[in-house]
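One structure is given here, and the rest of the page talks about it.
We did not get these values from a lab; they are worked out from the coordinates using the rules stated. Keep in mind the model is a prediction, meaning the values are calculated, not measured. Heads up, the Cβs are rebuilt from the backbone with ideal geometry, glycines too, and the neighbour counts pull from every protein chain shown.
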Amino acid sequence: MKDRGSENARHGGRALRQPATTRRIAVLLLALATAGCRQNMHDQAKYEPYEASPIYADGASARPIPAGTVARGFLRADAGYYTGVGNDGMLVASFPVPVTREVLRRGRERYDVFCSPCHDRVGTGRGMIVRRGFTQPPSFHDPRLKAAAPGHFVNVMSLGFGAMPSYAAQVAPADRWAIAAYVQALQLSQEARLADLPPAARRQVEEELAGAR
């Protein structure tokens, strides 16, 4: 005599397994259909990079950029801002942006990173790599450079000069102007007098000097 409980359990288990199997098959079919759709999207009727084309006389699908094309954001019509030399061919004589405390702080930070290895921290041209044999640059405190327009420093950073290469790839235009402002601050610092300071700053320095004695 058959055990009805065991038989029901077997039939019940089969009944429970059948929906699960059906779901697996449905998921598999859906995955195959999706994969086929994705492959169709990959295999679009378009030219791959550098693929040949019979349409054009030169046989190339990639077309040359029309003359005078400028990438978005790279027009740079203001040559003075980007190179330090204006459209008239003259060095820019004044800063195109306000020289604030924040600009000077940024200029000092960028100067210490990119300029001090050659020019040293105060601009005398005796940086670490100069002391190890690299060509010495002129001191920023030379009368010729003290009289130079800020555009001169930006132009040298943009295009290079003598043994110095261009730093256009490393230093953004705004940072070049910030560095130029800091260079002029360094030049002033070497001849600064206590009387040149604002009254509050003068009192602070005097108190610090008195405390150091």
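Things to note:
- Helix axis angle, 4-42 relative to the chain longest principal axis, alpha carbon, degrees: 50
- Mean separation of Cα contacts under 8 Å, 6 or more apart, over the residue count of the range 114-154: relative contact order %: 28
- Order of Glu207, Glu109 under a 10 Å beta carbon neighbour criterion, fewest first: Glu207, Glu109
- For the chain, a simple Cβ point-charge model (Lys and Arg +1, Asp and Glu -1, everything else neutral) yields a dipole of about 1180 debye relative to the Cα centre.
- Sequence of Arg108, Arg176 once ranked by neighbouring C-beta atoms within 10 Å, starting from the fewest: Arg108, Arg176
- Shape of the range 143-213, Cα gyration tensor, a/c cut at 1.5: prolate
- Dipole of the range 79-212, positive direction: furthest Cα of Ala168, His152, Val92, with charges on the beta-carbon: Ala168
- Entry for mean projected area of the Cα convex hull in nm² (calculated from the structure that is shown) out of (i) 33.2; (ii) 14.5; (iii) 12.7: (i)
- Residues Tyr82, Tyr50, arranged from fewest to most other Cβ atoms within 10 angstrom of their Cβ, appear as Tyr50, Tyr82.
- Packing-based ranking, highest mean first, of 158-169, 137-148, 110-121 given that Cβ atoms within 10 Å are counted: 110-121, 137-148, 158-169
- Residue by residue, the range 160-171 carries 3J(HN,Hα) couplings of x, 7, x, 6, 8, x, 5, 10, 4, 6, 9, 10 Hz when phi is fed to the Karplus relation 6.51 cos²θ - 1.76 cosθ + 1.60 (θ = phi - 60°); x denotes Gly or Pro.
- Each Lys or Arg adds one and each Asp or Glu takes one away; over the other residues whose Cβ falls under 12 Å from the Cβ of Thr83, this sums to +1.
- Computed over the chain: relative contact order in percent, which uses C-alpha pairs under 8 Å that are six or more apart: 16
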